[in-house]
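The values are calculated or read from the model by the stated rules, or taken from the named source; none is laboratory data. Model, not experiment: these values are computed from the prediction. When we count neighbours, we look across all protein chains shown, and the Cβ atoms used for this are built from the backbone with ideal geometry, even at glycine.
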Amino acid sequence: MDMRATAPRAPAYLARSRPAGRGRLNLLLLSDVYFPRVNGVSTSIRAGIEWLLREGHAVTLVAPDYGSTSGQARFDAEFGPALDVLRLPAQPLFFDPEDRLIETAPMRTALARLAIRHWDAVHVHTPFRAHQLGVRLRRRTGTPVVETYHTYFEQYAAHYLPWLPAPLLRAAARAASRHLCNAIDHMVVPTREMDAVLRRYGVRTPTTLLASGIEPGFEGGDGAAFRARHGIAPDRPVIATISRLAIEKNIGFLLEVAARLVRERPELLFVVAGEGPAATALQMQATRLGLRDNVRFFGNFDRVTLRDCYRAADAFVFASPTETQGLVLIEAMALGVPVVSTAVMGTATVLRDAQGALVAPEDVEGFARCVLQVLGDETLRARLAAAGPADAQRWRSDALMPPLLALYRHLAGGTVASN
């Protein structure tokens, strides 16, 4: 079987239509999140920027200002003068202080500045102030706007506004998504599962199925060094997850799995890397489950240390039911780390036909059995590790970005049709 067949592809019209050409494009990327805020959206934006700059295109990124003490200057300077970064003043969200909401007045000022420049296409990555800015630019200048649907908001809303009725919140999220998607020229959706959800919402905007990619250089990592730095014995069985610490990521379920595993493998260590609003609650849950000596919570890692963390694990575990894709699964497979994960929404697409992963059921006992199988079978572990990098090849940015570039060109030429 051609393993590439399961990766989302751009619609056929892109391949049939006129050649994309090699002219330099001037592209504007708008997002309500970017590094130093660590999440999948930031990671996918960065990978796309890296590819576009390497291909010689001009890229401007508009993102929130996280403050001078956040370390954002390092990320802004990462690509040197090739990347033009405009940071807008923003305030923390009361229910999620890691994130920022761009202030209204600076957004209006930015709109005036951006509207006098020529853009071949505008790419919006988030549905808040960045979306508003993109839509207003479209109205004022006629510049085509494409937006990626990164987040399954219907499944998030009840977690962040628990004092409101969940059915009402889900209905509001569906209505908001429909309105937002129908306000722009083209949608990029990472998986068929998410595209089907949007169609059920009543979204009429033309859609391209195209996943976010990981950077081609995502390889290496030194698991032994990570273990040594953190006092983890070389022969200790380790499972790891790398995720934003939020309710919707289902890490509480993984803690229950760890408690079940410890009954048979009392020496097990569960490494949890990431930050988020549920961090304190998850630490308290680990204590209640008697996992004080079996769980280590780390914060966010830089991209180099992150590789080491992945490679330190005998298995990477994941159980989020709300992913539109699941980049961490791809990263784990790229580094040759065996994956045990549920397959729901976007993760179902990533794991379909993947040879470097075991798909686990969505119950504690069944998931634990899969992990024990990997931990207890060295031959299986080696087979999964060897197969993972080939699985991840389908999701590299250098394979996925050319169709997106073709989409930009066709949007700029006014020739894009629905797939």
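Of the helices (runs of 4 or more DSSP H) lying entirely inside the stretch 185-265, those carrying at least 3 residues that are touching a strand residue (DSSP E or B) at 6+ places or on another chain (Cβ under 7 Å) are 192-201, 251-262.
Go through the stretch 125-174 and give me each residue that's modelled with pLDDT of 95 or more and under 17 Å from ASP99 (Cβ atoms). Passing the criteria: HIS125, ARG129, ALA130, HIS131, GLN132, LEU133.
Can you confirm whether LEU358 is surrounded by fewer than 23 Cβ atoms within 10 Å (Cβ to Cβ), at pLDDT 95 or above and under 23 Å from the mean Cα position of the chain (by Cα)? Answer is yes for this residue.
Consider ARG138 carefully, then state whether it is more than 18 Å from VAL38 (Cα to Cα), assigned to a helix (DSSP H, G or I) and not small (Gly, Ala, Ser). Judged against the criteria, ARG138 is a match. Taking the criterion of being basic (Lys, Arg) and surrounded by 19 or more Cβ atoms within 10 Å (Cβ to Cβ), the residues of the stretch 243-264 that qualify are ARG244, LYS249. Taken as a whole, the structure places VAL337 among residues that are β-branched (Val, Ile, Thr), in a loop (DSSP other than H, G, I, E, B), at pLDDT 95 or above and assigned by TED's automatic domain parsing to the domain that holds ILE251. Within the stretch 190-237, being closer than 15 Å to ASP308 by Cβ and either in contact with a His (Cβ under 9 Å, 6 or more places away or on another chain) or surrounded by 20 or more Cβ atoms within 10 Å (Cβ to Cβ) (or both) holds for PHE218, GLY221, GLY223, PHE226, ARG227. Being within 27 Å of SER42 (Cβ to Cβ) and either under 16 Å from the mean Cα position of the chain (by Cα) or in the same structural domain as ALA343 (by TED's automatic domain parsing) (or both) is a condition met by at least one residue of the stretch 259-271. Considering only the stretch 299-317, I want to know if a residue exists there that is among the charged types (D, E, K, R), in a loop (DSSP other than H, G, I, E, B) and either surrounded by 18 or more Cβ atoms within 10 Å (Cβ to Cβ) or outside the structural domain of ALA281 (by TED's automatic domain parsing) (or both). Yes; the residues of the stretch 299-317 include at least one that is among the charged types (D, E, K, R), in a loop (DSSP other than H, G, I, E, B) and either surrounded by 18 or more Cβ atoms within 10 Å (Cβ to Cβ) or outside the structural domain of ALA281 (by TED's automatic domain parsing) (or both). In this structure, ARG311 does not qualify as closer than 18 Å to GLU215 by Cβ and under 15 Å from the mean Cα position of the chain (by Cα). The strands (runs of 3 or more DSSP E) found wholly in the stretch 24-96 and carrying at least 2 residues that are at pLDDT below 95 occupy 83-93.
When the stretch 49-105 is filtered for residues that are β-branched (Val, Ile, Thr) and either closer than 24 Å to ALA121 by Cβ or surrounded by 14 or more Cβ atoms within 10 Å (Cβ to Cβ) (or both), the ones remaining, listed by number, are ILE49, VAL59, THR60, VAL62, VAL85, ILE102.
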